[in-house]
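One structure below.
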Amino acid sequence: LRIDGATLRLVRLPLVTPFTIATGTLTEKVFPLLTLRADGIEGHAEGVMDPLPDYLEETVAGAMDLLEKVLLPQVLGQSFAHPDHLARRLAPWRANHMAKATVEMAFWDLWAKSLDLPLQTVLGGEGDAIDVGVSLGIGPIDSTLDRVAAHLDQGYKRIKLKVKPGHDLDLLRAVRGAFPGAHLTVDANCCYTLADSDLIRRMDDFDLDYIEQPLAWDDIHDHATLQGRIRTAICLDECIRTVEHARKALQSDAARVINIKVGRSGGHSAARQIHDLCQAFQVPVWCGGMLESGIGRAHNIHLSTLPNFTKPGDTSSASRYFTRDIIEQRLECENGRMPVPQGPGIGVTLDLDYLKTATLSHQDFHA
Ligand code: OSB
Ligand code: MG
């Protein structure tokens, strides 16, 4: 399949409510949206980096520059028999996994469409819906209790609470007290160190399914040490940017659960390898989110149909994030289940009218 054109947009969508995590607050979602073309077919994907390097080191501006000057020129006019081959072409460049994933994922969509098959089928997944949880940002405890109740009522199968120093044990005491049977987890987004081991061990009292990414984004070793000190399973997110990171985490018992984000890990080829490796280690995975638009979310949903995605993911309803999405379909879950968009590729189509109003910049490339 020869890539004969591309469009790179920078898109901005306001969030329904500000989203606060340990590293800061997001009020809008700004992201690169990439379209690749071949034989009149289009494939789409979005980049999951933030404007500032606060989740990982990549930034929107850096990714836009790399896509425009390096990654797109490298694939335009080139033929790839399989998306793995395109991933291999980009592999020699250091890191920049989110920027690479943007290209790789758009090609998976394009390639699946060229075969007239759903993305889930070419990835090796099956089933027409997936279990979904919700990630609740940091806020006052009383309003968090209301939001937990509302999302449990909507059927969400797991509640993830964002924590940070000073907003952890009291929050857990309140939420666990009010919802004794709820499937609860926490996400620290790297805000603790090993010096907080005693505090983190006290989280063992709240029957959490796992503690997500308590320590530094570029550490694996200390997570293994911490896992030896606590009963609750550690789930890694930021740490897992490559298959090698996953291997090291699994071999050292630094993660008993892994959050796979395809847009953070270089794309579906690597995400699938991480999935398979975790399965070999009997470590369950779930699909994380980055507040994506419907394009990124559709990719996440298709990937989530692989067999070792046995825990609910962060692929919540679009209406939780945006008043209006840039796709024509509505990605809404029902009773905690998200239907897999039907049709070839990711199964969703751009709402070009609304996309135009949300687009900050637009650049066309021809082979
Ligand atoms: O750590 O999983 C995270 C959102 C932005 C950045 C990092 C994270 C998150 C979430 C929300 O937890 C996931 C979502 O609902 O898309
Ligand atoms: Mg996380």
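Values in this text are rule-based calculations from the coordinates and carry no lab data. If you're wondering where the values come from, they're calculated on a predicted model, not measured in any experiment. Counting neighbours? That spans all protein chains shown, and the Cβs are built from the backbone with ideal geometry, glycine included.
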Checklist outcome for this item: Rounded to the nearest 10 degrees, the helix 169-178 long axis (Cα) sits at an angle to the longest Cα principal axis of the chain of 90
Checklist outcome for this item: With the label point 7 Å along the Cα-to-beta-carbon line of Ala81 and a cut-off under 17 Å to each amide N, the hits in segment 99-127 are 111-112, 115
Checklist outcome for this item: DSSP beta bridges in the chain: the antiparallel percent, rounded to 5, is 60
Checklist entry - How long is the gain from Glu28 to Arg229 if the chain were fully straight, where each residue apart is worth 0.36 nm and the alpha carbon distance is subtracted? => result 68.5 nm
Item to check | Furthest towards positive pole of dipole, Ile138, Ala174, Leu123, structure part segment 121-339, Cβ charges | outcome: Leu123
Checklist entry - For segment 121-339, with only Lys/Arg (+1) and Asp/Glu (-1) charged at the beta-carbon, what is the dipole magnitude about the Cα centre, in debye rounded to 20? => result 120
Next on the checklist: Greater than 30 Å separation of Cα atoms is the criterion. Which listed pairs, Lys69/Lys164; Lys29/Lys113; Lys162/Lys356; Lys69/Lys160; Lys69/Lys162, meet it?
Outcome noted: Lys69/Lys164; Lys162/Lys356; Lys69/Lys160; Lys69/Lys162
Item to check | Burial ordering of Asp187, Asp39, Asp351, fewest other beta-carbon atoms within 10 Å first | outcome: Asp39, Asp351, Asp187
Next on the checklist: Give me the extension gain from Glu68 to Ala178: residue separation times 0.36 nm, minus the current Cα-Cα distance, reported in nm with one decimal.
Outcome noted: 34.6 nm
Next on the checklist: Quick check on segment 121-339: take the gyration tensor over C-alpha atoms, sort the square-rooted eigenvalues as a ≥ b ≥ c, and tell me if it's rounded (a/c under 1.5), prolate or oblate.
Outcome noted: oblate
Checklist entry - Put +1 on the Cβ of every Lys and Arg and -1 on every Asp and Glu Cβ in the chain; which of Ala112, Leu10, Gln251 then has its Cα farthest towards the positive end of the dipole? => result Gln251
Item to check | Listed peptides 195-205, 227-237, 88-98 by packing density, highest first (mean Cβ within 10 Å) | outcome: 227-237, 88-98, 195-205
Next on the checklist: Can you compute the modelled spin-label distance between Ser143 and Glu332, with each label point 7 Å from Cα toward Cβ, in nm?
Outcome noted: 2.4
Next on the checklist: Can you work out the Karplus-derived ³J(HN,Hα) for every residue in segment 145-150? Use 6.51 cos²θ - 1.76 cosθ + 1.60 with θ = phi - 60°, whole Hz, and x for glycine or proline.
Outcome noted: 4, 5, 5, 4, 4, 4
Checklist outcome for this item: Measuring from its Cα centre, segment 1-125 shows a charge dipole (+1 at each Lys and Arg Cβ, -1 at each Asp and Glu Cβ) which, in debye to the nearest 20, is 200
Next on the checklist: Please rank Tyr192, Tyr156, fewest neighbouring Cβ atoms within 10 Å first, as an exposure proxy.
Outcome noted: Tyr192, Tyr156
